[in-house]
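Read through the structure below, which is laid out as structure tokens, and then see the notes.
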Amino acid sequence: MVLYYLLYLLIFLYVVAISMKSYHMLQQNLYNENNRYLKWVWKNKQLIYKNIDLYGIVFSCLILFTQNINLINFFLVILMSVYVVAFFRFQDSKKYDQDKKPLVVTKRVRRLMITTYLLHLIPVVISIFVNDFAPYCLLLLSVMSSLNFYVVFIAMIFNFPVERGIYHYYEHKAKLKLKSMPNLKTIGITGSYGKTSCKNILADILNIRYNALPTPKSLNTFNGLMITINNKLSKFDDIFIAEMGAYVVGEIRGLCELVNPKYGIITSIGTSHLATFGSQKNIQKAKMELIEFLPKDGVGVLNADDENQKSYKIKNNCKILWIGIDSEDVDVRASNIICSGKGTSFDVKFKDSNKVYRFETKLLGKHNVYNILSALALGREFGVSIKDLQLGVKKVRPVEHRLELKKIGNFYQIDDAYNSNPVGAKSALEVLDMMDGDRIVVTPGMVELGEQEEKLNKRFGEQIADVANKVILIGEKRTKPIYDGLIKAGFKKEDIYISNDVREAYTILNKLKGKKDMYALFENDLPDTYTEK
């Protein structure tokens, strides 16, 4: 039995190592929200099934069906060698991982670890008390290690009652805290894209006069809002700005039921997350849940230039403020927009005033002007003076990874790497086109666009061809539609570079440096679930 125990230890160490990858993918896929994790596992079968694990199962079967004790011991030693090799091969492969967002070992992950390891200890305990079951338990452990991604998922299912209990505790705590702050003004912000930028712009402007607390970074889920309320919101805050994300119809309403916003902003309604929503109509309905939840004395801010917002029949009698650039009959309108490498300036006309005011910002892009207009609309509603609004817009800080202009080595990077969608990508290309110099696009393409993904990425390639001098595609397989679009638009093959590692893009860019200034647009940075090996 000594050899069995040594083998159990080796398998356990191997399981501890490989489980970290499973936890990482489960976390990045939002703990299987809308079956995201299971879909990822199914789509990446070639990555999760390893040939060396099959050797473990084969030798475990040989041990089970062999009667000769010497032969059993021989196979046990061979099997130990298999798991030693498997362990070191896995550790060595981690050196080549391109993880951009590492696993965050939260309390939930620690609970998941404990359950995973307990599941693997069950066969070991059985084997200790019933020696005759040792070969069966060994085979079971070998199978479990080869199906680690599924075992971790089963552990998550076992933990579900505990997680729900913890979830409801913090939900109740958050609701009680909000109830104890009756004077707090709560603003909800949602949209297919631009939510985080709009939230940060609004917070910077309102903070000229108020204490405004926005949800940090991109925390826009139910858990994210609860964490912010319980850990960040204080009695000194006048305004709470809640970014609200969604993948299916009904999620926005659920977030509204938690924070009860009186004010709401819809940034845009597009094709983002079409794969999970199922249709454009569902996206439209889901985003408008925020406006339809507002109380009768509430205020919603909508974009008249967005046909999906303008055409929607709102089932609410609350006050609506319309913003726009192309549309003239709106409450807040921007015109005479001028962009440069230093930022953007534009005129603003408020419907209740005959004057035109000039605003300046460090931000780039027409879509950021829309975000600023939304903030100005609510700022006026809250009684902020024009002078303070102008000062606030001037002080707005560029949002990290959202058309953030910075000098890196021998080139200027326009960092729009947070995420990408058809409208946002087109806006980013418009910004790039304004730059006087060599223009380069670095991108892995757009994702979560459902059946239209290939078509939209091909169109993206055609749009890139109209603006860029050179292109660096990240991920040969998934950027094939962009490549096809580039070629269709007459882009030269020799000006297209392909790499599976975004880090190589920086090396390529520094080699491309010419006489002119070089501007490189980094459009999207896919999470590790999309990594191509």
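The values are calculated or read from the model by the stated rules, or taken from the named source; none is laboratory data. For clarity, every value in this text was computed on a predicted model and none was experimentally measured. Here the Cβ positions follow ideal geometry from the backbone for every residue, glycine too, while neighbour counts run over all protein chains shown.
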Matching residues in region 501-528 - criterion: being under 27 Å from residue 26 (Cα atoms) and modelled with pLDDT under 85
501, 502, 503, 525, 526, 527, 528
Considering region 500-528, residues that are out of contact with any Ser or Thr (no Cβ under 9 Å at 6 or more places or on another chain) and assigned to a strand (DSSP E or B), and then whichever is surrounded by the fewest Cβ atoms within 10 Å (Cβ to Cβ), we arrive at 518
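Kindly establish whether residue 174 is among the hydrophobic types (A, V, I, L, M, F, W, C) and touching an Asp or Glu at 6+ places or on another chain (Cβ under 8 Å).
Criteria not met by residue 174.
Out of the residues in region 446-471 meeting the condition of being in a loop (DSSP other than H, G, I, E, B) and either of a type in the set (S, T, N, Q) or out of contact with any strand residue (DSSP E or B) (no Cβ under 8 Å at 6 or more places or on another chain) (or both), tell me which one is surrounded by the fewest Cβ atoms within 10 Å (Cβ to Cβ).
First pass over region 446-471, keeping only residues in a loop (DSSP other than H, G, I, E, B): 446-449, 466-469.
Then keep just the ones that are either of a type in the set (S, T, N, Q) or out of contact with any strand residue (DSSP E or B) (no Cβ under 8 Å at 6 or more places or on another chain) (or both); that gives 446-449, 466, 469.
On the way: 446: 25, 447: 19, 448: 16, 449: 21, 466: 10, 469: 17.
My answer is 466.
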Please go through region 357-385 and give me each residue that is touching a Lys or Arg at 6+ places or on another chain (Cβ under 7 Å) and outside any strand (DSSP E or B), ordered by number.
384
Exactly one of these conditions fails for residue 507: (1) in contact with a helix residue (DSSP H, G or I) (Cβ under 8 Å, 6 or more places away or on another chain); (2) of a type in the set (S, T, N, Q); (3) without any contact (Cβ under 8 Å) to a residue 12 or more places away in the chain. Give me its number.
(1)
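What number of residues in region 386-406 are charged (D, E, K, R), buried (at least 18 other Cβ atoms within 10 Å of the Cβ) and either in contact (Cβ under 8 Å) with a residue 40 or more places away in the chain or assigned to a helix (DSSP H, G or I) (or both)? Break it down stepwise before answering.
The first filter runs over region 386-406 and keeps only residues charged (D, E, K, R), leaving 387-388, 394-395, 397, 400, 402, 404, 406.
Remaining after also requiring buried (at least 18 other Cβ atoms within 10 Å of the Cβ): 402, 404.
The next check asks that each one be either in contact (Cβ under 8 Å) with a residue 40 or more places away in the chain or assigned to a helix (DSSP H, G or I) (or both); those that pass are 402.
Residues that pass the stated criteria total 1.
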Please indicate, with yes or no, whether at least one residue in region 359-374 is among the hydrophobic types (A, V, I, L, M, F, W, C), under 31 Å from the mean Cα position of the chain (by Cα) and more than 30 Å from residue 518 (Cα to Cα).
yes
Right, residue 283: farther than 13 Å from residue 189 by Cβ and either among the aliphatic types (A, V, I, L, M) or part of a helix (DSSP H, G or I) (or both) or not?
yes
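Let's see how each residue does on (1) in contact (Cβ under 8 Å) with a residue 40 or more places away in the chain; (2) surrounded by fewer than 20 Cβ atoms within 10 Å (Cβ to Cβ); (3) assigned to a helix (DSSP H, G or I):
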position: 109; (1), (2), (3): yes, yes, yes
position: 116; (1), (2), (3): yes, no, yes
position: 140; (1), (2), (3): no, yes, yes
position: 149; (1), (2), (3): yes, no, yes
Restrict the check to region 353-360 and report whether at least one residue is closer than 20 Å to residue 427 by Cα, surrounded by 24 or more Cβ atoms within 10 Å (Cβ to Cβ) and modelled with pLDDT of 90 or more.
no
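Only one of 383, 409 is at positive phi, surrounded by fewer than 18 Cβ atoms within 10 Å (Cβ to Cβ) and assigned by TED's automatic domain parsing to the domain that holds residue 207; which? Spell out the reasoning first.
On the way: 409 fails: assigned by TED's automatic domain parsing to the domain that holds residue 207.
Only one candidate qualifies: 383.
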Pair list, Cβ < 6 Å and 6+ apart or interchain, from region 303-319 residues that are in a strand (DSSP E or B) and of a type in the set (D, E, K, R) to residues that are modelled with pLDDT under 95 and surrounded by 15 or more Cβ atoms within 10 Å (Cβ to Cβ):
none
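Within the group 423, 396, which residue is touching an Asp or Glu at 6+ places or on another chain (Cβ under 8 Å), farther than 18 Å from residue 322 by Cα and among the aliphatic types (A, V, I, L, M)?
Numbers: 423 fails: touching an Asp or Glu at 6+ places or on another chain (Cβ under 8 Å).
Going through 423, 396 in turn, the sole match is 396.
Inspect region 192-204 for any residue being of a type in the set (Phe, Trp, Tyr) and surrounded by 24 or more Cβ atoms within 10 Å (Cβ to Cβ) and give the result as yes or no. Steps first, please.
First, the residues of region 192-204 that are of a type in the set (Phe, Trp, Tyr): 193.
Keeping just the survivors that are surrounded by 24 or more Cβ atoms within 10 Å (Cβ to Cβ) gives 193.
Taking every residue of region 192-204 in turn, at least one turns out to be of a type in the set (Phe, Trp, Tyr) and surrounded by 24 or more Cβ atoms within 10 Å (Cβ to Cβ).
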In region 472-487, residues that are closer than 12 Å to residue 457 by Cβ and part of a helix (DSSP H, G or I) total 7
Say we look at region 310-326 and pick out the residues that are touching a helix residue (DSSP H, G or I) at 6+ places or on another chain (Cβ under 8 Å) and at pLDDT 95 or above; which of these is surrounded by the most Cβ atoms within 10 Å (Cβ to Cβ)?
323
Out of everything in region 231-250 that is of a type in the set (Gly, Ala, Ser) and within 25 Å of residue 269 (Cβ to Cβ), what residue ends up being modelled with the highest pLDDT?
242
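How many of the residues making up region 65-97 are under 40 Å from the mean Cα position of the chain (by Cα), among the aromatic types (Phe, Trp, Tyr) and either exposed (fewer than 12 other Cβ atoms within 10 Å of the Cβ) or not assigned by TED's automatic domain parsing to the domain that holds residue 19 (or both)? Before you say what the answer is, go through the steps one by one.
Filtering region 65-97 down to residues under 40 Å from the mean Cα position of the chain (by Cα) leaves 82-97.
Among the residues that remain, those that are also among the aromatic types (Phe, Trp, Tyr) are: 83, 87-88, 90, 96.
Those left that are additionally either exposed (fewer than 12 other Cβ atoms within 10 Å of the Cβ) or not assigned by TED's automatic domain parsing to the domain that holds residue 19 (or both): 96.
So the answer is 1.
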